[in-house]
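Undergrad: This is the structure I want to talk about, given as structure tokens.
The values are calculated or read from the model by the stated rules, or taken from the named source; none is laboratory data. None of the values given here were measured: they were computed from a predicted structure. Cβ: placed from backbone, ideal geometry, glycine included. Neighbour counts: every protein chain shown. Just so you know, the surface numbers come from the protein's heavy atoms only, side chains and all, with ligands and any DNA or RNA stripped out. Shrake-Rupley method; radii C 1.70, N 1.55, O 1.52, S 1.80 Å.
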Amino acid sequence: MSRLDARTPAGGGGPATTPTAPADRVAAGAEVAAGTEAGTRAPARPRAVGGPRAAAATAGSLLVVVALALVGLAAGSSSLGVADVVRTLAGGGTPAQELIVLDLRLPRVAGALVVGACLGLAGALTQTFARNPLATSDILGVTPGAGLGAVAAIVLAGGGYSVTGGLLSVGVPAAAVVGALVAAVAVYALSWRGGVDGYRLVLVGIGATAALGGLTSWLVARARITDAAAASQWLVGSVSGISWASVWPALVVFAVVAPLAASQTRALDVSQLGDDLSRGLGVAVQRHRLVVLACAVLLTAAAVSAGGPLEFVAFVAPQLARRVAGTGRPPLAASATFGALVVVAADLATRTLLPGEVPVGIVTAVVGAPYLIWLLVRHRREDRPA
């Protein structure tokens, strides 16, 4: 079982003397909390995030990701096989193969892996702490904030990725990070009423997303044609032009934030019981939410600065991981691997199955939108009284 999903052992003692509780008491508390929210419908017993099935889901998805990455390194106009890719990665390839695999294709595949892992983990964090599958960076205003920052840099600087010079090539990712951070702080501050409630956070995030999207559209509409084209291309989301200069910062952010997210595993589990029970079990609810939200914002900002705002990855990947793993909430490690799987598979499809190399952001949106509709319809049917 991955470290990201390692649960803190429950301690002994009663609730008044220890912040931890046995598994049966936690499950019983979850049933009480769920019963209060569900009304007349009997709640299901929560399923733990750990266990053999969750570990198998993480390991299986990781193997699929590695296989897809090798196929992605082999796919292209040059005739390379998977064996040639493996031999080149091991240092035994020809100079031509090293140029193709290491210099041309590896940054793109690595970028897809890192961007997908960041978005998958960020979505798992926000969906869990808000107790809402719709609470992703796309809905909470983080991704639109990053998009507004990047578009402002492109439009106000008067250029795009075709401009030679260091200012804009560095400025667009940096502006995306700043935009994401500012949007997250604004949404968090507007949601504060003696504390932050997950439901209120989602509502404020929806409003902020609409406002930020309107500002972005206004900037694109008033920009010059070349600037508008560059901004529109970035807003779609793509890893085709990604370089190591964009991959390494995102990889460093993921390496730093993932252990911090893992330290919140027990608090994420306990938070599913509701705020009152969480406080009774020793969780500092508001501090926990601030840490989780900060992790999600940093991961999203790193992903968006590298590959653009890839829609629905942070929404779809955690839900796929939760269903495959059979857990009560999105498992962190599996969500990261499923996020990488979604982006790598979408990028591979754009290069091998679709004509003209469609941007990967369009593929993720086409796949994610029907899944969102299906989830909404499913929840509506489940909420109907028996």
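Undergrad: Residue by residue through segment 333-346, note down the ones that are over 10 Å from the mean Cα position of the chain (by Cα) and aliphatic (A, V, I, L, M).
TA: Scanning segment 333-346 gives A333, A334, L341, V342, V343, V344, A345, A346.
Undergrad: I would also like to ask the following. Can you tell me how many residues within segment 109-147 are β-branched (V, I, T) and farther than 14 Å from R322 by Cβ?
TA: As a first pass, look at segment 109-147 and keep what is β-branched (V, I, T): 109, 114-115, 126, 128, 136, 139, 142-143.
Next, only the ones that are farther than 14 Å from R322 by Cβ stay: 109, 114-115, 139, 142-143.
The qualifying residues number 6.
Undergrad: Can you give me the number of residues within segment 317-326 that are in contact (Cβ under 8 Å) with a residue 60 or more places away in the chain and open to solvent by 10 Å² or more (accessible area, probe 1.4 Å)?
TA: Qualifying residue count for the region: 2.
Undergrad: Moving on. Can you name the condition, by its number, that S271 falls short on among (1) more than 16 Å from Q127 (Cβ to Cβ); (2) open to solvent by less than 20 Å² (accessible area, probe 1.4 Å); (3) polar (S, T, N, Q)?
TA: (1)
Undergrad: Out of everything in segment 327-353 that is in contact with an Asp or Glu (Cβ under 7 Å, 6 or more places away or on another chain) and more than 23 Å from V253 (Cα to Cα), what residue ends up being surrounded by the fewest Cβ atoms within 10 Å (Cβ to Cβ)?
TA: Step one: filter segment 327-353 for residues in contact with an Asp or Glu (Cβ under 7 Å, 6 or more places away or on another chain), giving 331-333, 350-351.
Adding the requirement that they be more than 23 Å from V253 (Cα to Cα) leaves 350-351.
Values: T350: 21, R351: 17.
Filtering segment 327-353 for residues that are in contact with an Asp or Glu (Cβ under 7 Å, 6 or more places away or on another chain) and more than 23 Å from V253 (Cα to Cα), the one surrounded by the fewest Cβ atoms within 10 Å (Cβ to Cβ) comes out as R351.
Undergrad: Scan segment 39-92 for residues that are at pLDDT 75 or above, polar (S, T, N, Q) and in a loop (DSSP other than H, G, I, E, B) and jot them down.
TA: Correct list: S77, S78.
Undergrad: Residues of segment 259-268 being open to solvent by 40 Å² or more (accessible area, probe 1.4 Å) and of a type in the set (S, T, Y), which ones?
TA: Across segment 259-268, the qualifying residue is only S263.
Undergrad: Separate question: Taking the criterion of being surrounded by 14 or more Cβ atoms within 10 Å (Cβ to Cβ) and farther than 22 Å from V253 by Cα, would at least one residue in segment 305-315 satisfy it? First the steps, then the outcome.
TA: From segment 305-315, those surrounded by 14 or more Cβ atoms within 10 Å (Cβ to Cβ) are 305-315; that's our starting set.
Filter once more, keeping what is farther than 22 Å from V253 by Cα: none.
There is no residue in segment 305-315 that is surrounded by 14 or more Cβ atoms within 10 Å (Cβ to Cβ) and farther than 22 Å from V253 by Cα.
Undergrad: If you don't mind, there's one more thing I want to ask. With V172, V151 as the choices, which residue is open to solvent by less than 50 Å² (accessible area, probe 1.4 Å) and modelled with pLDDT under 75?
TA: After ruling out the rest, the residue left standing is V172.
Undergrad: From V247, V196, which residue is modelled with pLDDT under 80 and open to solvent by less than 10 Å² (accessible area, probe 1.4 Å)?
TA: Going through V247, V196 in turn, the sole match is V196.
Undergrad: Would you pick out the residues in segment 309-321 that are modelled with pLDDT of 85 or more and not in a helix (DSSP H, G or I)?
TA: Listed by number, the residues that qualify are P309, L310, F312.
Undergrad: Criterion first (buried (at least 24 other Cβ atoms within 10 Å of the Cβ), aliphatic (A, V, I, L, M), under 15 Å from V304 (Cα atoms) and touching a residue at least 40 places away in the same chain (Cβ under 8 Å)) does A122 satisfy it?
TA: yes
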